[in-house]
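These notes concern the structure reproduced below.
The values are calculated or read from the model by the stated rules, or taken from the named source; none is laboratory data. Bear in mind that the values here come from a model prediction, so they are computed numbers and not experimental data. Every residue, glycine as well, gets a Cβ built from its backbone with ideal geometry; the counts of neighbours run over all protein chains shown. Only protein heavy atoms, including side chains, enter the accessible area calculation; ligands, DNA and RNA are left aside. Shrake-Rupley method; radii C 1.70, N 1.55, O 1.52, S 1.80 Å.
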Amino acid sequence: MKNILLINGHEYHNNSTGKLNETLLELIKNTLKGHYSIRETIIKEGYDVKIEQSKFEWADIVIFQTPIFWFNFPALCKKYIDEVYEHGKFYSSSSVYGDGGKMKGKKYMLSVTWAAPQNVFSNMKEPFLEGKNVDDVLIAMHKTQQFVGLEKLPTLSNHSAY
């Protein structure tokens, strides 16, 4: 049985209360239970860095369920990564930049929600995103995971989430 770590990266704001994020996490858990071992982290409830690191060591797949704030992880989710992805545990120096990841053999998925409508992505007529798709826009999030050795699974993107 594969081990899956679910990370709830939601951060409360008046216009982002987290209901959709929680609903999607419940749907993911209900779909996976019985087929996978599941552990969960709800970042806004706090966490212990060493316990989180052990969850990553345990996990075969990490799923980040998070809204997108300003084209990136919410601040609390970014802080979590800054604290948990420790040098020596998640990555090390390498003669080839970005090849020192210690999480090789593990996978990750971004399951994200946007206020942006789907039609603004990959659409050359929409000038703001310049024809970029969701994964192009989330490149920093993907490169962070690649840097620690995680392999990308397809992104699940939900749009017009207000």
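Quick look at the numbers
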item: Listed residue pairs exceeding 23 Å between alpha carbons, taken from Lys33/Lys143; Lys79/Lys152; Lys50/Lys107; Lys29/Lys132; Lys29/Lys89; Lys78/Lys125; result: Lys33/Lys143; Lys29/Lys132; Lys29/Lys89; Lys78/Lys125
item: From phi via Karplus (6.51, -1.76, 1.60), per-residue ³J(HN,Hα) for region 151-162 in Hz, x at Gly/Pro; result: 9, 6, 9, x, 7, 9, 10, 10, 10, 6, 8, 10
item: Nearby aspartates and glutamates by direct alpha-carbon distance to Lys104 (threshold 14 angstrom, same-chain neighbours under 8 apart not counted); result: Glu57, Asp60, Glu151
item: Exposure rank, largest accessible area first [Met1, Met109, Met103; 1.4 Å]; result: Met1, Met109, Met103
item: Protein-only accessible surface order, largest first, of Tyr91, Tyr162, Tyr108 at 1.4 Å; result: Tyr162, Tyr91, Tyr108
item: The chain, relative contact order [Cα under 8 Å, separation at least 6], %; result: 25 percent
item: Probe 1.4 Å, accessible area per residue of the chain, Å²; result: 56 Å²
item: Stretch in the chain that is longest and holds no trypsin sites (Lys or Arg not before Pro) that DSSP places in a loop and that have at most 13 other beta carbons within 10 Å; result: 3-103
item: Debye log10 I(q)/I(0) at q = 0.14, 0.17, 0.20 Å⁻¹ for region 50-162, Cα point scatterers; result: -0.62, -0.86, -1.09
item: Length-normalised contact order for region 115-162 - Cα pairs under 8 Å, 6+ apart - percent; result: 40 percent
item: Solvent exposure ordering (accessible area, 1.4 Å, most first) of Val96, Val137, Val112; result: Val96, Val137, Val112
item: Fraction of accessible area attributable to carbon and sulfur, the chain (%, probe 1.4 Å); result: 54 percent
item: Theoretical ellipticity at 222 nm over the chain - DSSP helices of four or more residues, -39500 (n - 2.57) apiece, nearest 500; result: -8500 deg cm²/dmol
item: Lys79 paired with Ser94, simple spin-label distance in nm, labels 7 Å along Cα-to-beta-carbon; result: 3.0 nm
